[in-house]
Amino acid sequence: MTKTGLFISFEGIDGAGKSTHIDGLAAAFKDQGRQVTLTREPGGTPLAETLRELVLHQPMDPLSEALLIFAARRDHLQQVIEPALARGDVVLCDRFTDATFAYQGGGRGFDLSVLSQLEQWVQGTADGIRQPDLTIWFELDPRIAAERLAGARVPDRFESQPVAFFEQVHLGYAKRAEADAARFARIDASKTKHAVWQQITRALVQKGWLSIMVATPAGLE
Ligand code: TYD
């Protein structure tokens with residue numbers, strides 16, 4: 001297995017069920033001898049976590065929202081993601097820029113060309129625009145996601161949006177996946193946790209990034 005860094009992001013509408021699987025994959029990569037950096041967006045550094053609190057809870061206009069998210073991303077890339085990839089870590093990131101195109105672009109209807117410009121400024125490297133090597137997209141009907149989320153916790157500024165918002169978010173993800181199909185692994189998140197876990201590990205085994213002997217985490221058997 002190669003020891004170069006791997007950057008894997010996890011995407012999907014709220015309620016699609018990413019969290020348990022991300023933790024399980026961190027354990028699976030560690031079991032197979034890799035160093036893992038487990039992180040999230042917005043967030044992952046003290047500054048970016050502070051910006052996350054503002055974005056999730058303070059009212060603001062769509063441009064301010066997009067700017068804060070990309071400011072958080074810049075700090076996260078510089079402080080955490082790029083150093084981890086340079087060390088050869090597997091970086092597992094709960095959401096990345098596809099979420100901005102889906103939520104701010106799709107959900108809020110914000111100008112996609114402005115987002116593309118910000119993406120180039122913030123993710124630009126000497127070798128081009130930094131993107132995940134693989135994006136695992138938990139694809140789920142927004143109505144099912146809403147049922148799963150109902151009453152689960154106090155909703156933030158995104159979770160409190162109506163189903164129509166998440167339909168637009170879903171379309172935003174679909175457009176990003178269509179534009180960069182080779183980067184996306186589409187996972188049918190309507191299935192049982194065990195079946196979802198199998199779809200994800202199959203995608204990673206196919207890439208040669210996990211060996212076939214992946215232990216199924218507790219709670220996902
Ligand atoms: P989420 O990742 O779902 O974390 P938790 O499970 O703790 O709620 O929450 C982050 C929220 O931020 C989610 O509703 C999507 C939103 N978000 C954006 O709107 N744009 C972005 O670029 C990112 C990364 C997240």
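Counting protein heavy atoms only, segment 6-207 has 52 percent of its accessible area on carbon and sulfur, 1.4 angstrom probe.
Mean residue ellipticity at 222 nm, helices only, the chain: -14000 deg cm²/dmol; runs of at least 4 DSSP H residues each add -39,500 (n - 2.57), and the sum is divided by the number of residues. Taking only the C-alpha atoms of the chain, the Rg (one decimal) and the largest Cα-Cα distance, Dmax (whole number), read 16.7, 48 Å.
Think of the chain as having a plus end and a minus end, set by charges on the Cβ of Lys, Arg, Asp and Glu; of His170, Val55, Val196, Val196 sits farthest toward the positive end of this dipole. Taken about its Cα centre, segment 6-207 carries a charge dipole of about 500 debye when Lys and Arg each add +1 at the Cβ and Asp and Glu each add -1 at the Cβ.
Ordering Met60, Met213 by accessible surface, largest first, gives Met213, Met60; the 1.4 Å probe counts only protein heavy atoms, with every chain in place. Selection among Ala86, Gly12, Leu115 by position relative to the dipole of the chain gives Ala86 as farthest towards the positive end (Cβ unit charges, Cα centre). Evaluated over segment 6-207, the count of Lys pairs having alpha-carbon atoms less than 22 Å apart is 8 (only pairs 8 or more residues apart or interchain). Solvent-accessible surface (1.4 Å probe) assigned to Leu115 amounts to roughly 0 Å².
Beta-bridge orientation, the chain: approximately 10 percent antiparallel, per DSSP, counting only bridges with both partners inside. Go through Leu134, Gly106, Ala72 and say which Cα lies farthest out towards the positive end of the charge dipole of segment 48-141; charges sit on Cβ, +1 for Lys and Arg, -1 for Asp and Glu. It is Ala72.
The values are calculated or read from the model by the stated rules, or taken from the named source; none is laboratory data. None of these values were measured; they are calculated from a predicted model. Virtual Cβ from ideal backbone geometry, glycine too; neighbours counted across all protein chains shown. These area figures cover heavy atoms from the full protein model, side chains too; ligands, DNA and RNA do not enter into them. Shrake-Rupley method; radii C 1.70, N 1.55, O 1.52, S 1.80 Å.
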